[in-house]
Amino acid sequence: MDAFRQAMHLLFTLDPELLQILGVTMRMSFFSTTISCLIGLPLGTLLGTHSFRGKAFLKKLLHTLMGLPPVVAGLLVYALFTHYGPFGSLHLLFTVRVMVIAQCLLITPVVTGLCASYMEQSAAGILETARGMGLPSGRVLLLCLTESRTSLLSVVLSAFGRSIAEVGAVSIVGGNIQWKTRVMTTAILLETNKGNFSFALALGCILLLIAFVVNVAASWIVKEARYD
Amino acid sequence: MIEVTGLHKQYGTRTVLDVPHLSVERGACVALIGANGSGKTTLLRILAGQLKPTSGTFSTPQPVLYLPQRCYAFRGTVLQNVLIGTKNKREDALSLLERMELAPLLQKEARSLSGGELQRLAFCRLMLRDCTLLLLDEPTSACDSHAAELLLQELQRYRAAQGCTVLLSTHSRAVAAQVADRCLLLANGRASALRSEAGTQCEFSFD
């Protein structure tokens, strides 16, 4: 109860550090979810609706990547963007941008895999009808995506959930730098290590609140779109 | 013209279709008849390019339109559904829906239609497009006799206007007799015979 009270106090007094951490968290989660969905949803739709040579191998690879441990993803991205790495000259390490890249590496396979599974199971009727109408393949793909938007919303929300709750990769590539790359999860970890449990719990409450607000907003958007 | 040679479809060890040879001349209307599981849908899906055969070759004129047995209603109203992927066809769509007695349902959500209404709607979606081959999988299975009559009349009108080849599967003797020039009997995946000539009753002899 103390933690919840403290969370409300931090929110309503507009604690500047909390607002900055919230801003970085939302920016990182928004961009990593958006980029992952822009890549993963069309890719998953293609994978779920087309048969081609090597599809079984590609699905196995995708399922492996869906379980990629965040610290491994963080290490990989760290190795790529470190000073002596292939992309070291871009000087992106310990910035929000590289945190977004690491998260995309983690989330894109999840979005692609979930979308492909859904399309394989449920989109057969849409495909058969749309192709039977002689629609071009781009239009068929678009119809599949728009017709399945309610189900795909849960894929997007899963991606957002994974992004906002992720700690391993972002702490490696972001460095948890105060006023720069600190996000909610790394802040919670830091406060817990410092023994400041109630503050860490307060941050946890705020994180839950954000997840709830995003879920409600997404459901409302889909409901509105349905009655357009 | 449709030309099929040695068309074979197998799932595991089970053969679901085996058509050694089939030829349908341009502009003809052929009814595929046969019991459940005889391979009618499989043949239509292969010709529509929606299913790959295990072996064999076939050639079909393009473009092809295919009406699946299970009709899918897209989001939106009946009118929006009919107009999907069309340009400047609103007037045609309205008169078509009028003829098919779907005009009172124009602004109704397509997903709230009954099975028979949905089947007519799915049929209307095809009637606004041009094709040289029309494949219909049990197009009247969910319709009552009046709705089936409307649908078949519209099919004849479309056929006369387009001059297209039509292949339709049906369990109804009346439907086959009304629209088909001839019938192809399928039994256990095998195309056994072409039974009747234009204007005559189809003979049914299920194995």
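What number goes with the only condition from (1) within 14 Å of chain A (Cβ to nearest Cβ); (2) in contact (Cβ under 8 Å) with a residue 24 or more places away in the chain; (3) polar (S, T, N, Q) that B:Thr140 does not pass?
(1)
I'd like to check something: does segment A:107-121 contain any residue that is surrounded by 16 or more Cβ atoms within 10 Å (Cβ to Cβ), among the hydrophobic types (A, V, I, L, M, F, W, C) and closer than 18 Å to A:Val183 by Cα?
yes
Which pairs turn up if I take residues in segment A:189-217 that are under 15 Å from A:Met26 (Cα atoms) and look for partners that are hydroxyl-bearing (Ser, Thr, Tyr) and outside any loop (DSSP other than H, G, I, E, B) with beta carbon separation below 9 Å, at least 6 apart in sequence or on another chain?
A:Leu203/A:Thr185; A:Leu207/A:Thr25; A:Leu207/A:Thr185; A:Ile210/A:Thr25; A:Ile210/A:Ser29; A:Val214/A:Ser29
Identify, please: which residue in segment A:133-172 is buried (at least 19 other Cβ atoms within 10 Å of the Cβ), hydroxyl-bearing (Ser, Thr, Tyr) and assigned to a helix (DSSP H, G or I) and is, among those, nearest to the other protein chains (Cβ to nearest Cβ)?
Only one residue fits best here, namely A:Ser163.
(1) without any contact (Cβ under 8 Å) to a residue 40 or more places away in the chain; (2) among the aromatic types (Phe, Trp, Tyr); (3) within 26 Å of B:Gly49 (Cα to Cα): which one isn't true of A:Tyr118, the others all being true?
(1)
Scan segment A:107-116 and give yes if some residue there is part of a helix (DSSP H, G or I) and either within 14 Å of chain B (Cβ to nearest Cβ) or closer than 30 Å to B:Leu67 by Cβ (or both), otherwise no.
Yes, segment A:107-116 contains at least one residue that is part of a helix (DSSP H, G or I) and either within 14 Å of chain B (Cβ to nearest Cβ) or closer than 30 Å to B:Leu67 by Cβ (or both).
Quick check on this structure: which one of B:Pro68, B:Pro61, B:Pro53 is out of contact with any Pro (no Cβ under 8 Å at 6 or more places or on another chain) and within 25 Å of B:Ala110 (Cα to Cα)?
Checking each option against the conditions leaves just B:Pro68.
Can you tell me which residue within segment B:73-130, out of those that are within 11 Å of chain A (Cβ to nearest Cβ) and of a type in the set (Lys, Arg), is surrounded by the most Cβ atoms within 10 Å (Cβ to Cβ)?
B:Arg125
Could you identify the single residue in A:Leu75, A:Leu68, A:Leu46, A:Leu93 that is over 16 Å from the mean Cα position of the chain (by Cα), touching a residue at least 12 places away in the same chain (Cβ under 8 Å) and in a loop (DSSP other than H, G, I, E, B)?
Checking each option against the conditions leaves just A:Leu93.
Residue-by-condition table, conditions (1) farther than 18 Å from A:Glu128 by Cα; (2) among the hydrophobic types (A, V, I, L, M, F, W, C):
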residue	(1), (2)
B:Phe58	yes, yes
B:Leu67	no, yes
B:Cys71	no, yes
B:Thr77	yes, no
B:Leu83	no, yes
B:Ala110	no, yes
B:Glu138	no, no
B:Ala147	yes, yes
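If you go through segment B:38-50 one residue at a time, do you hit one that is in a strand (DSSP E or B) and either within 27 Å of B:Asp130 (Cα to Cα) or touching a helix residue (DSSP H, G or I) at 6+ places or on another chain (Cβ under 8 Å) (or both)?
Checking segment B:38-50: not a single residue is in a strand (DSSP E or B) and either within 27 Å of B:Asp130 (Cα to Cα) or touching a helix residue (DSSP H, G or I) at 6+ places or on another chain (Cβ under 8 Å) (or both).
Could you list, in sequence order, the residues of segment B:92-140 that are of a type in the set (A, V, I, L, M) and closer than 17 Å to B:Cys29 by Cα?
Once the filter is applied, which keeps residues that are of a type in the set (A, V, I, L, M) and closer than 17 Å to B:Cys29 by Cα, segment B:92-140 yields B:Leu126, B:Met127, B:Leu133, B:Leu134, B:Leu135, B:Leu136.
Among the residues of segment B:131-164, what is the count of those that are assigned to a helix (DSSP H, G or I), buried (at least 22 other Cβ atoms within 10 Å of the Cβ) and among the acidic types (Asp, Glu)?
0
Go through segment B:44-56 and count every residue that is facing chain A (nearest Cβ under 8 Å) and either surrounded by fewer than 22 Cβ atoms within 10 Å (Cβ to Cβ) or at pLDDT below 90 (or both).
Qualifying residue count, segment B:44-56: 3.
Of all residues being crowded, with 17+ Cβ neighbours inside 10 Å and more than 9 Å from chain A (Cβ to nearest Cβ) in segment B:57-68, which is nearest to the chain's Cα centre (by Cα)? Just the residue, please.
By that ranking, first place goes to B:Thr60.
Got a number for residues in segment A:161-206 being under 17 Å from A:Leu18 (Cα atoms) and of a type in the set (Asp, Glu)?
Summing the residues that are under 17 Å from A:Leu18 (Cα atoms) and of a type in the set (Asp, Glu) in segment A:161-206 gives 1.
Just one of A:Ala73, A:Ala130 is among the small types (Gly, Ala, Ser), crowded, with 21+ Cβ neighbours inside 10 Å and more than 14 Å from chain B (Cβ to nearest Cβ); which is it?
A:Ala73
For segment A:1-33, which positions are free of Cβ contacts under 8 Å to residues at least 24 places away in the same chain and surrounded by 15 or more Cβ atoms within 10 Å (Cβ to Cβ)?
Result: A:Phe30, single match.
The values are calculated or read from the model by the stated rules, or taken from the named source; none is laboratory data. Owing to the predicted nature of the structure, the values given are computational and were not obtained by experimental measurement. All Cβ positions, even for glycine, are placed from backbone atoms using ideal geometry, and neighbour counts span all protein chains on display.
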